[in-house]
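Sharing a structure here in structure tokens format.
The values are calculated or read from the model by the stated rules, or taken from the named source; none is laboratory data. This one's a predicted model, so the numbers in the text were calculated from it and none came from an experiment. Cβ coordinates were reconstructed from backbone atoms using ideal geometry, including for glycine residues, and neighbour counts include every protein chain displayed.
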Amino acid sequence: MGGGLSSPGVDLTIPDGDRLVIQGPTGGGKSTLLQMLGGLDRPTSGEIVLDGTDLAALPEARLTRVRSESIGFVFQSFNLIPTLTAQENVETALVPLGVKPKQRREQAAEALKSVGLGERLAHLPGEMSGGQQQRVAIARALVKQPKVLLADEPTGNLDESMRDEIMDVLERMWEELGLTFVMVTHDSAIAKKAPRVATIRKGRISVKENARA
């Protein structure tokens, strides 16, 4: 990420290309931390630095631009637009960047192929399984080629087999694209496979290295 977060009681550095899992008790601030890292929330004090720029200090218009260009988001609830096809849902990430319609369609189709949905371009979310919908959401997050991918409980609505499939996709994308990948999860099986795990407890963050990630 080329930066991190610093405020009273919280100091976290995330190197470029890192894969970090965030864990902690319910209501402990995991999702809030992720949203601050992505510029969706602003801290009451401290800094959130991405590539040398403090996101917390940016005007809203510039912050929106940074999110649009550099940060991809994947959520537990997929957040797909039900009346749009898979391809159209992925295209929505490129509209704020001014990408022309033909190029948007081509890039969206390629992104969907990369997550194994090349045959589902014209399907609506309601015509797909939960795992397929999450793949669409991943393609939407990555189609703009962000530097950072933030995922909030991306497997929380999936059964164990679908969980493993989605994690395989996310880990492959992290490796292939050289992303900085930060994920919130309550699933200890997922956390054990991550190179680093940050735990939030009572407003403090501790980070440990996994010996066999």
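Kindly check whether there is at least one residue in segment 39-53 that is of a type outside the set (A, V, I, L, M), crowded, with 19+ Cβ neighbours inside 10 Å and under 20 Å from Gly130 (Cβ atoms).
Checked against the condition, which is being of a type outside the set (A, V, I, L, M), crowded, with 19+ Cβ neighbours inside 10 Å and under 20 Å from Gly130 (Cβ atoms), segment 39-53 yields no hits at all.
Follow-up question, since we're still on this one. Just checking, does segment 176-199 include any residue being assigned to a helix (DSSP H, G or I), of a type outside the set (Phe, Trp, Tyr) and over 17 Å from Gln23 (Cα atoms)?
yes
Could you please find all residues in segment 77-106 being out of contact with any helix residue (DSSP H, G or I) (no Cβ under 8 Å at 6 or more places or on another chain), polar (S, T, N, Q) and at pLDDT 95 or above?
Thr83, Thr85, Gln103 - these are the residues of segment 77-106 that are out of contact with any helix residue (DSSP H, G or I) (no Cβ under 8 Å at 6 or more places or on another chain), polar (S, T, N, Q) and at pLDDT 95 or above.
What's the number of the condition Lys208 fails, among (1) in contact (Cβ under 8 Å) with a residue 24 or more places away in the chain; (2) farther than 21 Å from Arg120 by Cβ?
Of everything listed in (1) in contact (Cβ under 8 Å) with a residue 24 or more places away in the chain; (2) farther than 21 Å from Arg120 by Cβ, Lys208 misses just condition (1).
Let's see how each residue does on (1) in contact with a Gly (Cβ under 7 Å, 6 or more places away or on another chain); (2) buried (at least 20 other Cβ atoms within 10 Å of the Cβ); (3) among the hydroxyl-bearing types (Ser, Thr, Tyr); (4) under 30 Å from Ala198 (Cα atoms):
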residue: Gln23; (1), (2), (3), (4): no, yes, no, yes
residue: Glu69; (1), (2), (3), (4): no, no, no, yes
residue: Val74; (1), (2), (3), (4): no, yes, no, yes
residue: Glu88; (1), (2), (3), (4): no, no, no, no
residue: Thr92; (1), (2), (3), (4): no, no, yes, no
residue: Gln103; (1), (2), (3), (4): no, no, no, no
residue: Gly116; (1), (2), (3), (4): no, no, no, no
residue: Leu121; (1), (2), (3), (4): no, no, no, no
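Please pick out the residue among Gly156, Gly118, Gly131 that is among the small types (Gly, Ala, Ser) and not in a loop (DSSP other than H, G, I, E, B).
Testing whether each residue is among the small types (Gly, Ala, Ser) and not in a loop (DSSP other than H, G, I, E, B) leaves just Gly131.
Which one of these is closer than 17 Å to Pro25 by Cα and either at pLDDT below 95 or of a type in the set (Lys, Arg) (or both): Arg140, Arg212, Arg172, Arg201?
Only one candidate qualifies: Arg201.
Sticking with this structure for a sec: Among the listed residues Leu179, Leu170, Leu150, identify the single one that is out of contact with any strand residue (DSSP E or B) (no Cβ under 6 Å at 6 or more places or on another chain), closer than 27 Å to Ser68 by Cβ and surrounded by 21 or more Cβ atoms within 10 Å (Cβ to Cβ).
Matching residue, one of Leu179, Leu170, Leu150: Leu170.
Further question: Are any of the residues in segment 8-23 assigned to a helix (DSSP H, G or I) and either at pLDDT 95 or above or among the hydroxyl-bearing types (Ser, Thr, Tyr) (or both)?
Scanning segment 8-23 turns up no residue that is assigned to a helix (DSSP H, G or I) and either at pLDDT 95 or above or among the hydroxyl-bearing types (Ser, Thr, Tyr) (or both).
Filter segment 123-137 down to residues that are of a type outside the set (S, T, N, Q) and touching a helix residue (DSSP H, G or I) at 6+ places or on another chain (Cβ under 6 Å) and give me whichever is farthest from Leu97 (Cα to Cα).
Gly131
Please go through segment 38-95 and pick out each residue that is of a type outside the set (S, T, N, Q), within 18 Å of Val148 (Cβ to Cβ), part of a loop (DSSP other than H, G, I, E, B) and under 17 Å from the mean Cα position of the chain (by Cα).
Within segment 38-95, Gly38, Gly39, Leu40, Asp41, Ala93, Leu94 qualify.
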